[in-house]
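Let me begin by presenting the structure, written as structure tokens, before commenting on it.
The values are calculated or read from the model by the stated rules, or taken from the named source; none is laboratory data. What you see is a predicted model; the values in this text were computed from it and never measured. Note: ideal-geometry Cβ built from the backbone for every residue, glycine included; neighbour counts use all protein chains shown.
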């Protein structure tokens, strides 16, 4: 399969690579040792592979790697780039809003997005916004609390 | 207590919120090959031929391997915790759709996948059996002969038994059920069913094997690393110390990632090709790995005029699928409590683990108990309604209380059954007025309670290491699947050593380093490993005192550990290692009567209360309120414990209202998250979760396990509430809108047509 060269911004840094057209964004990120976006359901339903592309949340499992060309890609690893946890990450810890942690990066990134668009979401706003993120451990009540805590912070 | 009972966040929290937590899912090794599995398309058949030529010829394919190739490496390549019945790759026969038949290895998983598409196999198809009750007849045999593993003494008698699909039959006899039933004022009999569903962890099954000189390292998403080591060593005829099993954090387990799953396969492949091999399943493939038993439960009770249950007969049929996995133990161990948490003088229990041509069934958050509670708590409610007694009052009248013998003959101790019932009832406001709705929207309430005996006897071993600067590390093979076990052990060791739990490090399982543990299953870890950690910390504390004496420090003084080491060794050097093994006492039940004075080291208790609203035009059920209460003794880390309780109830909510594997000719037709609906954030009702004030006197600082208790009451409480709302009884899970609408229409004399 032919390699296609791509240039994009990854967590604030300009990068270049070449990749086959059938690979998805999760596979691309693995090459940069960014493992926070994880392919789980492979259908864009669970949200474990959430990545921000030009500040819009996408399912990395359904997003072709070559589409990243010219884009600005942000992953969960960027949130504590300065060494300090983000407000959202602190809130997830304070509320115990995870168990196994496999889906957590997706929820954390989506919370950042939600609070940017809606700084004081209601419970209904939160439930609506997270329709595309699933947690098999069932820590949803704690996640709702964490989002509200982060909103207050 | 300074440490235990404190609410502290999990020790691994930072790694989890930053996306840097270590999962096997991520592992890549130099030279690693990816394996993709070619699976059976027929439910039952003899393998005539497997054509791998085209796959082998595909550019980039390293090698294609079938069951016969594995048999050349391992003459008897059958594995399993209870029975050695499961071939590493199918041999001679296939027994369920999706059974692994061949593996394609390539450096690129996409090429391996492409190779799989090029394999073809021919089968001589055999008739298949899917229903557990039908499979009780020996017309279609899934296995010719039973192959018990010998691991469990009480399964040995099954060796060589043939002509049956019954892998295990468990029986309990207490009193004289027939006589008592015949003399009872009322007799009630019902049959309840549950569906096949599955764990569906978000980190799908994944294992990696790395061969070395006279060594094999397995990195795996598994809940029982010690068992993996023992079983792999047995398959190859090696000593245990040739096999190293490492388990980082798990992306969910729920009883799915137990015993051996992909480990034997990657081990064999890596030895054959002399390179690391990784197999990672897709979400779809998980539907063909391990599931939760579908069941049929016939329950019959004799009740006296004054509302006492005097006799109960239970017959439970467990649909075990094509391979035993831990199913026989599920049928047996859950059988202990199949009659429910009631004080009944005459009890009979017959529990059957049955092979069928479905995906194998194992343990899923309750080791069979949720299926049983579903039946006995619906049954209990029906009796109360029929007799016109309040369901709470009826339960209280019949409740099993501490100091009374349970059906096995074991006297109940430290089981807060009454407190759990009281907590649910109090939060429900059971005696307060209740809005029952109107028109087409009707409301109802229901409760249910259940209990469980822990799997016994099982062993846990722990080491507590105090380094020369006083910093402390716990080594144990309990797997942190998200339940916060490591944090709980840190709190326990910290309490003994009088240090801060947050400063303790807990090493993830690595069988070269961490000692034996039976497995992270059945809510056993906090009690068993918790006791082992407590004892190991006490051992370390004693050794530290001895070191102080050797150093000439006066007895009874409280020198910091760092000073003791420095004084003894003249510099920052040395360490103290405390060790301990914990195995509770146990008396095996009598083979014929199931009687024993000691079947479990502790009892788990859980209960739920719900309020529902039913739309009588559509059958749609909305849970308005869900209350869960459980007895976990004295909680070690209360916040994390409440999340365990809540998470278990939410999981059971899915098994109650939506989750079901749909089969067509043995093929799962909804094998994806799109078609198999698990609870999402919008499905969660307002919840209250309560840990009742209780103490497990034999537990570490009064604590015991909790991982499963939240699942017990949810399903029957919902069915009971629906009955309360609209007067219809659902006898089978899941309770879909269609099922409720059908029941409503049948009740109104206007049944819907089938399909």
- Task: Please work out which residue is nearest to the chain's Cα centre (by Cα), limiting yourself to region A:91-110 and to residues that are surrounded by fewer than 24 Cβ atoms within 10 Å (Cβ to Cβ) and facing another protein chain (nearest Cβ under 7 Å).
- Result: A:93
- Item | Among (1) within 11 Å of chain B (Cβ to nearest Cβ); (2) more than 16 Å from residue B:23 (Cβ to Cβ); (3) surrounded by fewer than 23 Cβ atoms within 10 Å (Cβ to Cβ), the one test that residue A:35 misses | (2)
- Would you mind telling me which numbered condition in (1) in contact with a helix residue (DSSP H, G or I) (Cβ under 6 Å, 6 or more places away or on another chain); (2) at pLDDT 95 or above; (3) more than 22 Å from residue B:639 (Cβ to Cβ) residue B:752 fails? (2)
- Selected residue (criterion: farthest from the other protein chains (Cβ to nearest Cβ)) from residues of region A:67-89 that are assigned to a loop (DSSP other than H, G, I, E, B) and touching a strand residue (DSSP E or B) at 6+ places or on another chain (Cβ under 9 Å): A:70
- Among the candidates A:114, A:35, residue that is part of a loop (DSSP other than H, G, I, E, B) and either under 10 Å from the mean Cα position of the chain (by Cα) or without any contact (Cβ under 8 Å) to a residue 40 or more places away in the chain (or both): A:35
- Message: Suppose the filter is over 23 Å from residue B:731 (Cβ atoms) and crowded, with 24+ Cβ neighbours inside 10 Å; does residue B:326 pass it?
- Response: yes
- Item | Index of the failed condition, residue B:13 passing every other in (1) at pLDDT 95 or above; (2) within 14 Å of chain A (Cβ to nearest Cβ) | (1)
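This table checks each residue for (1) out of contact with any helix residue (DSSP H, G or I) (no Cβ under 7 Å at 6 or more places or on another chain); (2) surrounded by 19 or more Cβ atoms within 10 Å (Cβ to Cβ).
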{"site": "B:51", "(1), (2)": "yes, no"}
{"site": "B:54", "(1), (2)": "yes, no"}
{"site": "B:65", "(1), (2)": "no, yes"}
{"site": "B:107", "(1), (2)": "yes, no"}
{"site": "B:111", "(1), (2)": "yes, yes"}
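Can you pull out the strands (runs of 3 or more DSSP E) entirely within region B:1-75 that have at least 3 residues that are under 30 Å from residue B:253 (Cβ atoms)?
Qualifying strands (runs of 3 or more DSSP E): B:33-39.
Condition first: within 10 Å of chain A (Cβ to nearest Cβ) and touching a strand residue (DSSP E or B) at 6+ places or on another chain (Cβ under 9 Å). Now tell me which residues in region B:608-643 satisfy that. Spell out the reasoning first.
Of region B:608-643, the ones within 10 Å of chain A (Cβ to nearest Cβ) are B:637, B:639-640, B:642-643.
Result: B:642, B:643.
Only one residue in B:421, B:387, B:412 is within 25 Å of residue B:331 (Cα to Cα) and in the same structural domain as residue B:722 (by TED's automatic domain parsing), so which one is that?
B:412
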- Residues being outside any loop (DSSP other than H, G, I, E, B) and surrounded by fewer than 16 Cβ atoms within 10 Å (Cβ to Cβ) - total across region B:398-426: 3
- Message: Can you tell me which of (1) within 25 Å of the chain's Cα centre (by Cα); (2) within 14 Å of chain A (Cβ to nearest Cβ); (3) within 26 Å of residue B:416 (Cα to Cα) is the one residue B:686 doesn't meet?
- Response: (1)
- Among (1) facing chain B (nearest Cβ under 7 Å); (2) within 23 Å of residue B:655 (Cβ to Cβ); (3) in contact with a helix residue (DSSP H, G or I) (Cβ under 8 Å, 6 or more places away or on another chain), where does residue A:144 come up short? (1)
- Item | Unique match (being more than 14 Å from every other protein chain (Cβ to nearest Cβ), crowded, with 23+ Cβ neighbours inside 10 Å and either part of a helix (DSSP H, G or I) or touching a strand residue (DSSP E or B) at 6+ places or on another chain (Cβ under 6 Å) (or both)) among B:251, B:302 | B:302
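For region B:656-709, which positions are part of a helix (DSSP H, G or I), touching a residue at least 12 places away in the same chain (Cβ under 8 Å) and more than 23 Å from residue B:194 (Cβ to Cβ)? Explain how you work it out, then say what you get.
The first filter runs over region B:656-709 and keeps only residues part of a helix (DSSP H, G or I), leaving B:656-657, B:681-683, B:700-702, B:709.
Okay, now just the ones that are also touching a residue at least 12 places away in the same chain (Cβ under 8 Å), so B:656-657, B:683, B:700-702, B:709.
Passing the criteria: B:700, B:701, B:702.
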- Per the filter on region A:117-128, residues more than 9 Å from every other protein chain (Cβ to nearest Cβ) and either in a loop (DSSP other than H, G, I, E, B) or in contact with a helix residue (DSSP H, G or I) (Cβ under 7 Å, 6 or more places away or on another chain) (or both) are A:118, A:119, A:120, A:121, A:122, A:123
- Evaluation of residue B:82 against (1) touching a strand residue (DSSP E or B) at 6+ places or on another chain (Cβ under 9 Å); (2) at pLDDT 95 or above (one fails), failing number: (2)
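For residue B:19, indicate whether it is crowded, with 23+ Cβ neighbours inside 10 Å, in contact with a helix residue (DSSP H, G or I) (Cβ under 6 Å, 6 or more places away or on another chain), modelled with pLDDT of 95 or more and within 14 Å of another protein chain (Cβ to nearest Cβ).
So residue B:19 fits the description; yes.
So that you can scan it fast, the table gives a plain yes or no per residue for (1) assigned by TED's automatic domain parsing to the domain that holds residue B:318; (2) under 29 Å from residue A:136 (Cα atoms); (3) not in a loop (DSSP other than H, G, I, E, B):
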position	(1), (2), (3)
B:191	no, no, yes
B:199	no, yes, no
B:204	no, yes, no
B:209	no, yes, yes
B:216	no, no, yes
B:222	no, yes, no
B:226	no, yes, yes
B:232	no, no, yes
B:235	no, no, yes
